[in-house]
Amino acid sequence: MSALSAVSAMPASAGPAPSYRPSDPRFWRAFLVTTRPYLLPVSGAAGLVGLAISPPASGAATALAFAALFLSYGLGQALTDVFQTDTDALSAPYRPLVRGLVGKRDVLVVSLAGLLACGAALAFANPWNLLLALLAVLGLLAYSPLKRTPWGGPPCNSAVVALLPAIGLLCGEPSPVRALRSPLLLPAMASAFLSYAVFVLLGYLKDVEADRATGYLTLPVRFSRRATVVVSLAHALAAVAASLLLLGRGGIASPSFPHLALWGAGVAGLLASHALAWNVRRDADASPAVTASVLSFVALHLGEAALLRPALGVLAPPVLVFLAFALLSRPCREQV
C-alpha cells in the first residue's frame, strides 16, 4: 500500500469533522499523545546498537542519526493508529483519533511527513538508508491487515524494528557491501527482532477482547493467552542467545560493570515479564507484564550498545530517565 493510496482510500465524508486541524496548536498536543512518547526509546535503543557497531562518526552526525532513530517510533505509531481505530475504540478510547479530536488524513500526512524528515536525516549520513526507511514505512502500512491473522502481526512489526540496527550501521559505514559483511549485523538485527516480538506478543494480552470483537485474530484471540506467553518466551530465549552472539562477536574484553548490569537487567526483565504474563486473565491485568517487556527491551539494547562502544553509554541514563517519566505520565495506565 502506498502513502497516496492510503490517503485516497479514506472517504472524505467518513465520520465527523476533526476538532483540531494542524493549524491549531491543540492538534499538536493531541498528535503527541498519539505518538506515545513513552515508546520513543524503543527505536532509539535499537538504532543505537547499529551506531555502536558502525565505524565511528562525528559527534554531530551521531547525534543527528540518534535523534532521527529516536523519533521514528512515535511517528510510526501514529501512522499505524490511523488504520486501527476500530479496535482502539474499544481498548483505548482515550486516544485522540478515537475521540475525533484529530482526523485520520491529518495524522497520516503529518506522520508520513515526519518519517520522511527522519529518513532524510538518516540519508544525510548514507543515501542507502532511504531504501531501508522506505521498507520500514511499507512494513508499518502492512501491519494492520496482517494483525488480523494469528502469525502475521508480530513478525511484520518486528521486522520494521530489526531494520533499525542496519540503518544505524549504515550511518557510519558508507558501503552497503561492507555493512552486509559485518559479522555483527545479523545478530544485532536478530536480537532486535526477537526481543521486540516479545513486546508485540505480550502487548496483545491487553487487547484480547477488543481484538476479538473487531475481527483481529491475534495469537491470544485464536488460541489463548497462555499459548501466547509460551510463544513469547521462546522468542525471549532466542533473543538472549542472539544478544550473547552479538556481544561475543563484538569482542568485549573488560566490560564496564554498569553497562554489563544494564544488559543483565534487560535479560532478566525480558524473561521475568513472562512470569507476570502467565496469570493474566483479563485485558486490564496485562499492563505490568507489557510495561516490563518495554523496560527490558530498552535496557537490553542500551546495554548492548554501551558494551560494544562504551562512549555511547553516556546516552543510557537520560534515555532511561525519559522512559520512566514518560511511562508514569501516560494518560492511561492500562495501555502501553
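The values are calculated or read from the model by the stated rules, or taken from the named source; none is laboratory data. Quick caveat: nothing in here was measured; it's all calculated off a predicted structure. Don't worry about glycine lacking a Cβ; one is built from the backbone with ideal geometry, like all the others, and counts go over all protein chains shown. The accessibility values were calculated without ligands, DNA or RNA, using every heavy atom of the protein model including side chains. Shrake-Rupley method; radii C 1.70, N 1.55, O 1.52, S 1.80 Å.
Do we have any residue at all in region 165-174 that's out of contact with any Cys (no Cβ under 8 Å at 6 or more places or on another chain), surrounded by 18 or more Cβ atoms within 10 Å (Cβ to Cβ) and within 23 Å of residue 233 (Cα to Cα)?
yes
Give me the residue from region 293-311 that is assigned to a helix (DSSP H, G or I) and open to solvent by 20 Å² or more (accessible area, probe 1.4 Å) and, out of that set, farthest from residue 269 (Cα to Cα).
This residue is 311.
Are any residues in region 215-229 outside any loop (DSSP other than H, G, I, E, B) and more than 21 Å from the chain's Cα centre (by Cα), and if so, which ones?
Within region 215-229, 221, 222, 225, 226, 227 meet the criteria.
Taking residue 290 as the residue in question, decide whether it is under 17 Å from the mean Cα position of the chain (by Cα), buried (at least 22 other Cβ atoms within 10 Å of the Cβ) and modelled with pLDDT under 95.
Here the answer is no, as residue 290 does not meet what is asked.
Residue by residue through region 230-252, note down the ones that are of a type in the set (A, V, I, L, M) and not in a helix (DSSP H, G or I).
Just the residues of region 230-252 that are of a type in the set (A, V, I, L, M), to begin with: 230-231, 233-234, 236-242, 244-247, 252.
Selection gives 252 alone.
The conditions are (1) open to solvent by 10 Å² or more (accessible area, probe 1.4 Å); (2) more than 16 Å from residue 35 (Cβ to Cβ), and residue 70 fails exactly one of them. Which is it?
(2)
State all residues of region 81-91 that are under 18 Å from residue 217 (Cα atoms), among the hydrophobic types (A, V, I, L, M, F, W, C) and either open to solvent by less than 30 Å² (accessible area, probe 1.4 Å) or in a loop (DSSP other than H, G, I, E, B) (or both); if no residue qualifies, say none. Walk me through how you get there before you give the answer.
If we filter region 81-91 for residues that are under 18 Å from residue 217 (Cα atoms), which is where we start, we get 81, 83-91.
Checking which are among the hydrophobic types (A, V, I, L, M, F, W, C) leaves us with 83, 89-90.
Residue satisfying the conditions is 83 alone.
Among the residues of region 92-106, write down those that are assigned to a helix (DSSP H, G or I) and either surrounded by fewer than 22 Cβ atoms within 10 Å (Cβ to Cβ) or at positive phi (or both).
98, 99, 104, 105, 106 - these are the residues of region 92-106 that are assigned to a helix (DSSP H, G or I) and either surrounded by fewer than 22 Cβ atoms within 10 Å (Cβ to Cβ) or at positive phi (or both).
Restricting the search to region 181-214, which residues are surrounded by fewer than 19 Cβ atoms within 10 Å (Cβ to Cβ) and either at pLDDT 95 or above or assigned to a helix (DSSP H, G or I) (or both)?
Our first condition is that a residue be surrounded by fewer than 19 Cβ atoms within 10 Å (Cβ to Cβ); within region 181-214, this holds for 181-183, 186, 209, 212-214.
Answer for region 181-214, where residues must be surrounded by fewer than 19 Cβ atoms within 10 Å (Cβ to Cβ) and either at pLDDT 95 or above or assigned to a helix (DSSP H, G or I) (or both): 181, 182, 183, 186, 209, 212, 213.
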